[in-house]
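What follows is a short report on a single structure.
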Amino acid sequence: MIKADVGSVSGHTTVHPQQLEVARQFMEDARAKGTISDYYVTHAGDDLELIMTHTMGEDHTSIHELAWKCFKEVTDKVSKPLKLYAAGQDLLSEAFSGNVKGMGPGVAELEFMERESDPVMIFMADKTEPGAWNLPLFKIFADPFNTAGLIIDPGLHGGFNFTVLDVVDNIAVSLKCPSEMYDLLALIGTPGRYVIEKVHRSDGLPAAAASTTRLSLIAGRYVGKDDPVCIVRAQHGLPAAGEVLEAFIFPHLVAGWMRGSHHGPLMPVSADDSQNRVSRFDGPPRVVGLGFQVSDAKLIGPTDLFADPAFDRTRETAGMVADYMRLHGPFMPHRLGPEEMEYTTLPEVLKKLKDRFKKV
Ligand code: 13P
Ligand code: 13P
Ligand code: MG
Ligand code: MG
């Protein structure tokens, strides 16, 4: 999965149908040429999402270049001519340099041997940062109160290894669960800095991958939120699809929302509510889930995972939490802390007041 916000309609709300059309044609051509095996182009709010299958492995230049060119073409052919909002927002450099990581787009790649049947779930968030996946990924692969299979299925008793990236120093560590669970939580409880990048079963089977791009850290300024994506494989020696979804029943607080500067609840929503209705205070932050079967590298599906009315109560709670958080107005902890606000325009405001402070 490679994704980017390359401009949107009515502020940061949604992509334009012509952007999807251009991206789909681009992917169709790549499939005809054999660069990719299959694709599914969609969007989460204002983020254009390219779901691709291919046989060239992770970090392959041809695939990254394909995605980069696709985003450029959508920007040049649609976003700019239509004067869409923040045209090319996430494309932080002019020329492609071998890998889109570090250039703005979000990337989640998972290389695996297809099992006899391989359910793969794709999660796409809007108005938040990659650390938003920390809590649900922990629950899916390490919390027996969420995932019954951790107790019932002997295949899961070996546990899972989490690769955690420190997005500030660009270093990574691998931690085993359950044996190193406390160490893992000591890191990932700071989601702005420590981000789960990969999860493998104890025998090495690839289970999940998440995008880790922090746009503000690359650009040195606030350009838009990262709006991360995540790939999770399910069933048969892995958590069941329903166990994966159960991790999203709690609309936990994440950073993002208005101007990328506020904490709000992560609300699981249907594809339609993800794509066309990201509006209240530019949010609240939300996640959409699409379920596929990967079959001979073809994407069969998708199903709209959070369209189930059983998630209505979560959405209602998210609405209540959104009201509660909004009542804080410009006060923390609704507004993010100073270390995150450093990348926004707030420091300019504070600079204006600097000379007016008197010694006491
Ligand atoms: P079905 O009986 O509907 O196949 O469901 C099996 C199952 O294990 C669900 O978690
Ligand atoms: P996006 O990251 O979705 O572009 O949103 C940016 C923003 O500032 C919303 O208020
Ligand atoms: Mg945007
Ligand atoms: Mg977005």
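Bear in mind these aren't lab numbers, they're just calculated from the coordinates by the rules spelled out. Nothing here was measured: the structure is a model prediction, and the numbers come from that model. We place every Cβ from the backbone using ideal geometry, glycine too, and count neighbours over all the protein chains shown.
Okay, here's what the table says:
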| quantity | calculated |
| --- | --- |
| Candidate lysines for bridging to Lys176, where Cα separation is under 25 Å - those fewer than 8 sequence places away on the same chain excluded | Lys139, Lys198 |
| Sequence-distant residues sharing a close amide H with Glu180 (under 5 Å, placed H) | none |
| Rounded Å value of the spacing that divides the Cα centres of the range 135-194 and the range 15-30 | 36 Å |
| Length-normalised contact order for the chain - Cα pairs under 8 Å, 6+ apart - percent | 19 percent |
| The range 13-98 pair-distance distribution - Cα-Cα, 5 Å bins, rounded % | 3, 14, 27, 25, 18, 10, 3, 0 |
| Distance between the range 43-101 and the range 196-217 - C-alpha centres, whole angstrom | 21 Å |
| Amide proton proximity set for Gly158, modelled H, under 5 Å, gap of 5+ | none |
| Listed residues Met113, Leu305, Pro268: farthest to the positive end of the dipole of the chain (Cβ charges) | Pro268 |
| Sequence-distant lysines (8 or more away, or on other chains) whose Cα lies within less than 18 Å of Lys33 | Lys69, Lys298 |
| Cα-based convex hull, the range 56-172, per residue volume (Å³, whole number) | 165 Å³ |
| From phi via Karplus (6.51, -1.76, 1.60), per-residue ³J(HN,Hα) for the range 162-174 in Hz, x at Gly/Pro | 9, 9, 10, 9, 8, 6, 7, 9, 6, 10, 10, 9, 10 |
| Charge dipole (the chain, unit charges on Cβ, about Cα centre) - positive-most of Tyr85, Gln25, Thr35 | Tyr85 |
| Approximate shape of the chain as ellipsoid semi-axes (Cα gyration tensor, √5λ), whole Å, largest first | 30, 26, 20 |
